[in-house]
Amino acid sequence: MRFDILTLFPEMFAGVFDATIIGRAREMGHVEIVLRNIRDYAPGKHHVTDDTPYGGGGGMIMKPEPIFNAVEAILGIEIPPDGYRSLLQQGYPPIILLTPQGRLLKQAVARELAVHERLLLLCGRYEGVDERVCQFLVTDELSIGDYVLSGGEIAAMVLVDVLTRLIPGVLGDPEATANDSHSAGLLEYPHYTRPANYRGQTVPDILLSGHHAKLTEWRRQQSLARTLARRPDLLAEAELSEVDRKYLATLQDSSEDEVTP
Ligand code: ADE
C-alpha cells in the first residue's frame with residue numbers, strides 16, 4: 001500500500017514511520033510512504049500556503065492553489081472542472097482529508113480503506129482548508145475522534161498505522177488482528193504473562209489448566225463482559241451468537257458480577 005502524505009510539517013513524521021511495525025513493513029516493501037511538503041507546490045517567491053478568511057473571523061485558512069497544484073503534480077493529471085471525484089471512478093486514489101469534521105475512523109472504516117493500493121492523505125492545519133478543496137478535490141474526510149488536534153498530521157499517522165496492520169504479511173501472526181479489540185466488534189479479553197503469582201496477585205486458573213475449549217469460552221465471556229462494562233454501545237453492532245446473548249443476559253440480570261471486566 002502506498003501513502004502520499006500532503007503536509008506543511010513533513011518533519012513531524014520522522015521516527016513514527018521508522019520504528020517497529022511500520023518501519024519493518026516499509027523495509028519489507030509492504031508499505032511505501034512519500035511525504036509531500038505542500039509549501040513546495042505554493043506559487044510565488046514566498047510560497048504562501050495560508051491566508052485570512054473571507055468575511056473575517058480570525059485564524060488562517062489553507063489556500064486552495066498549493067493543494068490543487070500538489071495533487072496535479074503528484075498524480076500527473078489536471079483536475080477536471082467538475083472536480084476530482086470523476087477520476088476516482090477511473091481508478092485514481094482516494095484523497096482523504098484529516099479533519100475533526102470528518103466521519104469517525106473505526107476499524108470497519110479502516111477495513112473499507114484497506115482495499116486501496118494507494119491513498120493521498122491531506123493534513124489540514126490552522127482553522128481548516130478552503131472549502132473548494134473539500135468540494136472539488138477531497139473524496140473522503142476522516143476524524144480520529146471527537147477532539148481537536150493541532151493539525152491532521154497525528155491523525156494521518158494513526159490512519160497509516162491502522163491500515164498497515166491490516167496488510168497481509170505485516171503482522172507475523174494473522175490471528176493477532178483477528179482477536180484485536182474492535183476487530184470482531186468487541187473489546188479484547190485480558191492478557192497475562194509470567195510470573196503466575198506477582199505480588200500476591202495470581203493469574204486466573206483457567207489460563208494454567210491447558211483446557212483449550214474452556215479457555216476459548218472464558219476468553220469470549222471476558223470479551224463480552226468487558227465490552228458490556230466499558231463500551232456497551234459496541235454490542236449493538238457486534239456479531240453475537242445465541243450463546244453470547246444468553247451470557248450477556250446473565251450478566252445484565254445478576255447484580256453481583258463474577259467476571260472482572
Ligand atoms: N485535525 C484536528 N483534529 C483532528 C481530528 N480529531 N481528527 C482528524 N484530524 C484532525
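The values are calculated or read from the model by the stated rules, or taken from the named source; none is laboratory data. These figures come from a predicted structure and were not determined experimentally. Note that each Cβ is placed from the backbone with ideal geometry, even for glycine, and that neighbours are counted across all protein chains shown. With ligands, DNA and RNA removed, areas are computed over all heavy atoms of the protein, side chains included. Shrake-Rupley method; radii C 1.70, N 1.55, O 1.52, S 1.80 Å.
Just a few scattered comments:
- Rg(Cα) / (2.2 N^0.38 Å) computed for segment 133-179, rounded to two decimals: 1.51
- Counting only protein heavy atoms and using a 1.4 Å probe, the accessible area of His211 comes to about 90 Å².
- Convex hull of segment 38-90 built on C-alpha atoms - directionally averaged projected area, nm²: 4.9 nm²
- Charging the Cβ of each Asp and Glu at -1 and of each Lys and Arg at +1, and nothing else, the dipole of the chain about its Cα centre rounds to 460 debye.
- For the chain, calculated [θ]222 nm from helices alone, where every DSSP H run of n ≥ 4 adds -39500 (n - 2.57): -10000 deg cm²/dmol
- Glu131 - accessible surface, heavy atoms, 1.4 Å probe, Å² rounded to 10: 110 Å²
- Binned Cα-Cα distance frequencies in segment 181-220 - 5 Å width, integer %: 6, 20, 25, 21, 17, 9, 2
- Using alpha carbons only: equivalent-ellipsoid semi-axes of segment 119-261, gyration tensor based, whole Å: 39, 19, 16
- Distance between segment 99-150 and segment 29-64 - C-alpha centres, whole angstrom: 16 Å
- Note on segment 2-165: Rg/Rh from C-alpha atoms, Kirkwood Rh, equals 0.95.
- Accessible-area value, Glu188, 1.4 Å probe, nucleic acids and ligands omitted, Å²: 40 Å²
- If both residues of a DSSP beta bridge must be in the chain, then about 20% of such bridges are antiparallel.
- Computed over the chain, relative contact order equals 18 percent, with contacts defined as Cα pairs under 8 Å that lie 6+ residues apart.
- Here Lys45 is the anchor, and the lysines within straight C-alpha reach of less than 23 Å, apart from those fewer than 8 places off in the same chain, are Lys63.
- Here is the tail figure for segment 197-259: Cα pairs spaced more than 19 Å apart come to 41 percent of all pairs.
- Each principal axis of the Cα cloud of segment 25-122 was taken in turn, and the coordinate range along them, longest first, works out to 43, 32, 30 Å.
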